[in-house]
Amino acid sequence: MRTNPLRIGIDIGGTFTDFVVFDPANNRLKTFKLLSTPQEPEKAVLEGLEIILGKQSISENTTASRKANIIHGSTVATNALLERKGAMTALVTTQGFQDVIQIGRQNRAELYQLFIHQLPSLVPPELRLEVDERVDHEGNILATLQPVDVDNLVVRLQDLQVNSVAVCLLFSFLHPEHEQIIGERLRQAGYAVSLSAEILPEFREYERTSTTVVNAYVSPILDRYLSRLEEGIGQENNLMVMQSNGGSISPAEARREAVRCILSGPAGGVVGCEYVARMATSPADIRTHPGDQAPSGMGVLTFDMGGTSTDVSLIDGKPRITTEAVVSGCPIHIPLLDIHTIGAGGGSIAQVDPGGALRVGPESAGADPGPACYGRGDLPTVTDANVVLGRIPPEHFLGGRMPLDIDRATTALEPLAKTLHLSVEEIALGVIAVANAHMERALRVISVERGCDPRRFTLLSFGGAGGLHAADLARGLGISTVLVPPLASTLSAFGMLAAEVIKDYSLTVMLPGTTPIAELRSRLEPLTERGHTALRVEGVEEQAIHIEQTLDMRYQGQSYELLVPFSDSFLEIFHQLHETQYGYAKRNGTVEVVTLRVRAVGEVPPPPQEAEEYDGEDPGKAYLGARDVIFPQGTLRTPLFRGELLVPGNQLQGPAVIVRTDTTILFGSSDRARVDGYKNLFIEVGK
Amino acid sequence: MSFEAIKLEIFKHLFAAVAEEMGTVLRKSSYSPNIKERRDFSCAVFDTSGQMVAQAAHIPVHLGAMPLSVKAAVEWFGDDLQPGDLVMLNDPFQGGTHLPDITMVSPVFLMGSGNAPIAFCASRAHHADVGGMTPGSMPVAREIYQEGLIIPPVKLVRGWKMDTDLLRLILANVRTPEERSGDLQAQMAANRRGMERMAELVGRYGLEEVNEAMRQLLMYTERMTRSLLHSLPDGSYLFEDRLDNDGISQEEVPIRVRVTITGESATVDFSGSAPQQQGSVNAVEAITLSAVHYVFRCLLGTEVPNNAGCLRPIRVIAPAGSVVNALPPAAVAGGNVETSQRIVDCLLGALAQACPEKVPAASQGTMNNVTIGGGLPRRAGENGETRRGQFAYYETIGGGSGAGSGTDGVPAIHTHMTNTLNTPIEALEYAYPLRIRRYEIRRGSGGEGKQRGGDGIVREIEVLTDCQVTLLTERRETAPYGLEGGQAGQCGENLLIRNGETSQLPGKGGFELKAGDVLRILTPGGGGYGVKSP
């Protein structure tokens, strides 16, 4: 057994690769960032590990001074999909259905465009192959797969120059044998094979095909990447890979089911937020300072505003799971954290359209050239507006490492000002207001559309650009509290550190709701057993394994399902859930159990963190001076604080700007803020 | 402070969010697959004078039609609209389009603002059955009375209290009352949410500012339309296309449009189109307005709010009693789903003469409506189940989209006035005595050209029990046109395969099928663009 291995969370982002290191020997948490190396993402990872573990242990496979458990989220699989740079993939389907992957649901993404733009299908027509077989909705075989057809398939594939094959036959979740026969032959022939009955044994053929094809398309890419990474890391360190469901998994599993790792970075952020929210309301903190009790059982709206996009999600006790994600035009129906992304961020470009409206985004200046104030671009962005308004003190940006060019930001905004006959400052306020309107709408989608009133929630802001907007957004949404955690910009990597080991299983069964509970139990048993086995293989101790069983249920004839926790009273719970979510229940209606779900969780104790004692209300030690900041109501002389120097117990009256190396936080004259025992900043938002 | 520039953009989001939130509530709380899965519904917000301020992007055919619903409600009830009232209607000749589309209109009142509504919220949903001669209420009928229950503007809710007698009357006239009741409840919930949000907006910004924002937003879209029209060359552009037939006679039904652009305004004149027909292909004026709105909305670009401003600079002439402005008691079920597509084809054909680079060739020009109903051999979906233990299944099938300058058409997709989703094969076979034998791209059916038209679809449905099929399809005889020398897309075909023998079925009509019969539908390809180099 290793003694006290370090735990390291690593998140590769577009610009930076973030590292969070927890040392159990002293309960210390350390974070740092390195520039990402997009061409070979593992380079930055290995460089960081060298810094953490010392050169020796990495490069020479000798006994290291410290061993490490590394949990890693990468954008390798995501980028392969977004940039359409995955493996050449063939698709095998039931006779007559090779085009399901392209027809999809027959609908178009944009209603009001005469020219329909569709991303190319991951499998071009010439790589779609059919086999003569058919199974019906009760699992009966209408046409048996003939061995000679399988032989022919192997021959046809030889000419196609592919190395990855997806197989998706109709109703294969009821009768997986045909897919398995094909899979076995193709694996023998050396292909990487993804079978739909293994990846997603659920009904709805297009979504199952798409999920399976994405897996076939990105798996070889992730496989190669993980091999390079494992080689560099050495065998004595344990590597785990983050999945989009918020849990981690071994590289062996990840390379087989790479589709589960798409969107793992944002998932890390949400897990990090969940941890922060739990800590911030923990009894320890309340004991330290009973007067400052955080809202109990805190639900949070997470708000991660970056340079080009903003991710929002909702945590009401637990993060929400969705099985209906679409990434880059491809449905991915495995369970993943419900995160809504919009194309607006600090780098979004402002312009005046022909009708005379001030528009922000969706075009972005990105990281290159970046906002005008970074010194290379000329187009006005949200960040430039913040700079012009005095909200980002140029000399403190990124800890002073990157001076900002205010004049350039002003120059970039001037043409807009001229067009609209406004001052540059008025335009800058307008750009912020419009950007906030975008983000407010995204936050409404993730809360209101999910049946939750945003006013009940705390807005948890992380990511580089969010701190300047969070208080105003909260005001607009009627939210009373904003929470900015101390690890705001490395929260994704931190979340990975706190992530549990998770395996999800599902199977469409389409049983009547009257099915005896014993039968449901016995149908759930094989899935549960698979979960147990998989976690034991992952090295999870038996007592740390925790199984969640759920049923997808609906009234017969409906086309959508509710997730019902499995228990003796699952029927009644279904009726109740239906009533709360949809306003009515039909207790005499026929109910269907559509799909069984099992989630096997290997609990990982999160890094323990202790609340620090409060050290006075006066934030004077962090005071850096005052500067003029422009608010809609006018210019205010606004005190500036160094975030890293604020201590638990500090109270701040707005207006104030808090600068940290990784982010800047702003709140207005009717707001006040305090620092809790974990150095979380709570902003109480006024009118 | 320049109101237009900044507040315009902010209120654009705010109003759109209200309409979208209504849509979310409707979809989540509705019962039928047609609303929940196929998303055949729309929600919108209107100003005090009934002009549409924002519409959630759901179904284009509802675009120009919703305002007439609000107008009909206001005209009928006048000053008698009170807080807590909700007006329901589906009468195509009084604010509706075709009978399955039921619209609910709610006036929004402000406490202490007197008797005048400050805004209206409306929702419209396609209900799977509203009675009439065949399940699904999309028959090939000769007059509207055969098509289902006609609801003129009536108050379903009066001062927050629902008229349960009225509801019972409606439910007694439809085949799936429980589902209808659930979907009507969902629409009411959507309207309530819209009213709440509008009241909140007024609370946050004040009535004056909200009113001003509405006014400015309409002017904004109007300006955008004017600037679009200004960019088009002045002139008069005539185009004629036709429907195959009305399903009763075999005569072609011509539709003619003359688009005249003069500076910043336009006239769209349908004079010369065929008179209204015996069959159900008649479009009421609302459909024609929707098609005009849709086409100009598309030319505007994506970010413009859907509101009444778009049509302000455009004068639409649709002669009463014609196939594009039918009068009672015309049958209209197909006007909404088929004729609307042809009106778009005509408009695009005319505009292609003004701006060939901005307009694609004809898309498939039909929705390929297939309704299958019959006795149930075994358990089937409760939704489709009728009072007599029967099932009714309705689907539309995509086809090819038209090619344009520099862009090939897209295969196998819904185009123009519809965007409903298909029902997954594995879901359908669980629920109905049907088996899909083939669902693939109809290769080679798109029109040739420098840019190729998109291909249609081949879909084979085997019926596992004796049943009745209603087809309401177009472009079986008149092909989707190409542009600039591009070839036309191939026509669609409806075939019946019985005991290995294939025979042709007409484009419109009702047919008895026997267990084991296969219905083979080939949908049209899109037109090509430009001359293909040899």
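The values are calculated or read from the model by the stated rules, or taken from the named source; none is laboratory data. Just so it is clear, the model here is predicted, and its values are computed rather than measured. Heads up, the Cβs are rebuilt from the backbone with ideal geometry, glycines too, and the neighbour counts pull from every protein chain shown. Heavy atoms of the whole protein, side chains included, go into the accessibility calculation; ligands, DNA and RNA do not. Shrake-Rupley method; radii C 1.70, N 1.55, O 1.52, S 1.80 Å.
Size of region A:2-53 along its principal axes in angstrom, Cα-based, largest extent first?
Over region A:2-53, Cα extents along the principal axes are 35, 18, 13 Å.
What is the magnitude of the charge dipole of chain A about its Cα centre, with +1 placed on the Cβ of each Lys and Arg, -1 on the Cβ of each Asp and Glu, and no other charges, expressed in debye to the nearest 20? Mind showing how you got there, number by number?
Working: 60 positive and 84 negative charges, 203 e Å.
The dipole magnitude comes to about 980 debye.
With labels modelled as points extended 7 Å from the Cα through the Cβ direction, what inter-label distance (nm, one decimal) is found for A:ASP407 paired with A:ASN588?
8.2 nm
Expressed as a whole percentage, what fraction of the accessible surface of chain A belongs to carbon and sulfur atoms when a 1.4 Å probe is rolled over the protein heavy atoms?
Details: 13200 of 26240 Å².
Its accessible area is 50 percent carbon and sulfur atoms.
If you average the C-alpha positions of region A:551-624 and of region B:239-261 separately, how far apart do those two centres end up, in angstrom?
55 Å
Could you tell me the extents of region A:235-283's C-alpha atoms along the three principal axes, largest first, rounded to whole Å?
40, 27, 12 Å, listed from the longest principal axis down.
Can you list the lysines whose alpha carbon is less than 16 Å from that of B:LYS71, not counting same-chain residues fewer than 8 positions off?
B:LYS155
For a Förster distance of 30 Å, can you work out the FRET efficiency between the beta-carbons of A:SER569 and A:GLU324, rounded to the nearest 0.05?
Details: r = 27 Å, r/R0 = 0.90.
The value I calculate is 0.65.
Would you please state the base-10 log of I(q)/I(0) at q = 0.06, 0.08, 0.09, 0.10 1/Å for chain B, with intensities from the Debye formula using one equal scatterer on every alpha carbon?
-0.27, -0.49, -0.63, -0.78
Among the lysines, which fall within straight-line cross-link reach of B:LYS532, defined as a Cα-Cα distance under 20 Å, with same-chain neighbours fewer than 8 residues apart omitted?
B:LYS358, B:LYS450
Tell me, in nm to one decimal, what length is gained between A:GLU579 and A:VAL647 on full extension, where the rule is 0.36 nm per residue of separation less the Cα-Cα distance? Don't skip to the answer; put the middle values down first.
Details: separation 68, 0.36 × 68 = 24.48 nm, distance 4.70 nm.
Answer, rounded to one decimal: 19.8 nm.
Once phi is turned into θ = phi - 60°, what whole-Hz ³J(HN,Hα) does the Karplus curve with 6.51, -1.76 and 1.60 give for every residue of region B:429-445, x standing for Gly and Pro?
Rounded to whole hertz, the list is 6, 5, 9, 10, x, 9, 9, 8, 9, 7, 8, 8, 6, 7, 5, x, 8.
Report, to two decimal places, the Cα Rg of chain A normalised by 2.2 N^0.38 Å (N = number of residues).
Numbers: Rg = 26.5 Å, N = 687, 2.2 N^0.38 = 26.3 Å.
Dividing the Cα Rg of chain A by 2.2 N^0.38 Å gives 1.01.
With a 1.4 Å probe, what is the total accessible area buried between chains B and A, in Å² rounded to the nearest 100? Please report the intermediate quantities before stating the final value.
Numbers: alone 20160 and 29940 Å², together 42950 Å².
The contact between A and B buries close to 7200 Å².
Could you tell me which trypsin sites (Lys or Arg not before Pro) in region B:439-489 are loop residues by DSSP with no more than 16 other beta carbons within 10 angstrom of their beta carbon? Intermediate results must be reported in sequence, preceding the final value.
On the way: sites: B:ARG442, B:ARG443, B:LYS450, B:ARG452, B:ARG459, B:ARG475, B:ARG476; in loops: B:ARG443, B:LYS450, B:ARG452, B:ARG475, B:ARG476.
Listed in order of number, the matching sites are B:ARG443.
Extension gain A:ARG523-A:ARG185, at 0.36 nm per residue separation less the Cα-Cα distance, in nm? Display every interim value, and only then the final one.
Values: separation 338, 0.36 × 338 = 121.68 nm, distance 2.87 nm.
Computed gain between A:ARG523 and A:ARG185 is 118.8 nm.
Could you tell me which residue out of A:VAL100, A:ILE392, A:PRO655 lies farthest along the dipole of chain A toward its positive end? Charges go on the beta carbon: Lys and Arg +1, Asp and Glu -1, centred on the Cα centre.
A:PRO655
Using only alpha carbon positions, build the gyration tensor of the protein assembly as shown, then give the equivalent ellipsoid semi-axes as the square roots of 5 times its eigenvalues, largest first, whole angstrom. Walk me through the numbers on the way to the answer.
Values: eigenvalues 473, 299, 172 Å².
Semi-axis lengths for the protein assembly as shown are 49, 39, 29 Å.
Based on alpha-carbon positions alone, could you give the equivalent ellipsoid semi-axes of region A:2-160 from the gyration tensor, as √(5λ), descending, whole Å? Don't jump to the answer; show the numbers that get you there.
Values: eigenvalues 441, 107, 52 Å².
Value: 47, 23, 16 Å, ordered largest first.
So how much slack lies between A:GLN158 and A:ASP628, counting 0.36 nm per residue of separation and subtracting their Cα-Cα distance, in nm? Each step should come with its number before you reach the end.
Working: separation 470, 0.36 × 470 = 169.20 nm, distance 6.96 nm.
Residue separation times 0.36 nm, minus the Cα-Cα distance, leaves 162.2 nm.
Roughly how far apart, in whole Å, are the Cα centres of region A:234-248 and region A:533-548?
Each part reduced to its Cα centre gives a spacing of 15 Å.
Relative contact order of chain B: what whole-number percent is it, with Cα pairs under 8 angstrom and at least 6 residues apart? Numbers along the way, then the final one.
Details: 1485 pairs, mean separation 71.3, N = 534.
RCO, chain B: 13 percent.
Region B:1-53 to region A:130-198: how many Å between their Cα centroids?
Value for the Cα centre distance between the two parts: 46 Å.
Report, in debye and to the nearest 20, how large the dipole of the protein assembly as shown comes out about its Cα centre when Lys and Arg carry +1 and Asp and Glu carry -1 on their Cβ. Write down the numbers at each step before the final one.
On the way: 110 positive and 144 negative charges, 131 e Å.
I would put it at about 640 debye.
With runs of 4+ DSSP H residues as the only contributors, calculate the mean residue ellipticity of the protein assembly as shown at 222 nm using -39,500 (n - 2.57) per run, divided by the residue total and rounded to the nearest 500.
Taking each H run of at least 4 residues, the total per residue is -9000 deg cm²/dmol.
Restricting to the protein assembly as shown, what percent of DSSP beta bridges are antiparallel, rounded to 5?
Numbers: 173 of 212 bridges.
So the antiparallel bridges in the protein assembly as shown amount to around 80 percent.
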